[in-house]
Amino acid sequence: MIAEEKLQGIYFRDIFEQPRALRDTVASLAVLPEIHVIREKLRSGELDRIILTGMGGSYQILHPLHIQLTQSGFNCIMVETSELLYSLPQLIHPRNVIVTVSQSGSSAEIVRLLEHKGPLYIGVTNTPSSPLSLHSSITLMTQAGEEGGVACKTAVSLLAALYWLGEHFTDGDLDQARKSLETAAPAVESYLENWHEHVESLVKSLAEIRHIFLAGRGSSLAITGLGAMVQKEAAHFHAEGMSSAALRHGPFEMLDARSFVVVFEGTEQVKGLNSRLVEDVRQTGAKAYLCGPGTPEGPFSLPPAHPAVTPILELLPAQMISLSLSYLQGREPGKFERITKVTTVE
């Protein structure tokens, strides 16, 4: 049996705050009539494109919104804020809409971006007094509350807010969107009820592991990127997040018994490809698991959910991995030792 006291800390507590953060965030989401005006200007050509930007995990979680908007016909691209500033500044243009995501709203790159006047900024943040909140034309606030450790409750809340924003751009059914998002908190609670068993199982599986890969397609790319970052931040363990296809293009060569691979199931269109990848990875001697609704893999079995909620649930196994790795190393999970919660230096 694992000793729970060895995991105690801010990050551990914040993980179990996620259902409350989701309930409060979804309850606070308001109709945004301004987005309907922007949508029509984009459709008519009065505005050119939507730029989705952020840093770190706030950038990674933009993948589902990028897919949602692009599938609906918008000219939409993702650009990391640092690259937007120094490699593609021509995109910071009055005819572009810049959706900027930052849980703190105060990261160095975000503050620098907001110095550029002209574009229409839509800010999505957890901090009401932040530069992003104060200087955006439209602000979506999450209600995660104060978060002192590695992003968890802010990440799931931002994912919910970004889906809500996407439904506005795509003229979705907002009543149905809210109902879908309201299923997130109970689903997260259901998964976390078994956290002790999840961590105990993973501690055994990860004991001899030296390499972790998280792979997926489509909206799951949000969690392959963010989930790998969580291992580095929360557990000081190197992990890589990538598309399932990219895993076959090079990284597959290094797989062995010291490798641990999680492949997110994805939609029906790609489920077969992802399932076959798991089987092929196992042939190398590596440990491989398919993560999704109903899979009999313990910590990788997720409750069935609406596509709006799936990226939120997919983050939970990554959190369990980070707790398990921290336990094996005898460190407090999610405790910052070399950086701070908010990156204020470029």
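Go through segment 96-119 residue by residue and tally those that are surrounded by 14 or more Cβ atoms within 10 Å (Cβ to Cβ), more than 29 Å from Val156 (Cβ to Cβ) and basic (Lys, Arg).
Adding up the residues that qualify gives 0.
For segment 36-72, a residue qualifies if it is open to solvent by less than 30 Å² (accessible area, probe 1.4 Å) and among the hydrophobic types (A, V, I, L, M, F, W, C), and the qualifying residues are Ile38, Leu42, Leu47, Ile50, Ile51, Leu52, Ile61, Leu62, Leu65, Leu69.
Within segment 180-201, the set of residues being more than 12 Å from Leu316 (Cβ to Cβ) and either in a helix (DSSP H, G or I) or charged (D, E, K, R) (or both) comprises Ser180, Leu181, Glu182, Ala185, Pro186, His196, Glu197, Glu200, Ser201. What do you reckon, is Ile122 modelled with pLDDT of 95 or more, open to solvent by less than 10 Å² (accessible area, probe 1.4 Å) and among the aliphatic types (A, V, I, L, M)? So Ile122 passes the test. Taking strands (runs of 3 or more DSSP E) as the structural unit, those lying wholly within segment 65-144 and holding at least 3 residues that are under 21 Å from Glu346 (Cβ atoms) and either in contact (Cβ under 8 Å) with a residue 40 or more places away in the chain or polar (S, T, N, Q) (or both) correspond to 96-101. Within the set Ala246, Ala222, the sole residue that is assigned to a helix (DSSP H, G or I), free of Cβ contacts under 8 Å to residues at least 60 places away in the same chain and either hydrophobic (A, V, I, L, M, F, W, C) or surrounded by 20 or more Cβ atoms within 10 Å (Cβ to Cβ) (or both) turns out to be Ala246. Checking the stated criteria, Leu214 turns out to be closer than 23 Å to Gly54 by Cα, in contact with an Asp or Glu (Cβ under 9 Å, 6 or more places away or on another chain) and not in a helix (DSSP H, G or I).
Could you pull out the residue among Pro333, Pro311, Pro317, Pro296 that is in a loop (DSSP other than H, G, I, E, B), in contact (Cβ under 8 Å) with a residue 40 or more places away in the chain and not acidic (Asp, Glu)?
Working: Pro311 fails: in a loop (DSSP other than H, G, I, E, B); Pro317 fails: in a loop (DSSP other than H, G, I, E, B); Pro296 fails: in contact (Cβ under 8 Å) with a residue 40 or more places away in the chain.
Going through Pro333, Pro311, Pro317, Pro296 in turn, the sole match is Pro333.
The values are calculated or read from the model by the stated rules, or taken from the named source; none is laboratory data. Computed from a predicted structure; not experimentally measured. Because the Cβ atoms are built from the backbone with ideal geometry, glycine has one as well, and the counts that use them run over all protein chains shown. These area figures cover heavy atoms from the full protein model, side chains too; ligands, DNA and RNA do not enter into them. Shrake-Rupley method; radii C 1.70, N 1.55, O 1.52, S 1.80 Å.
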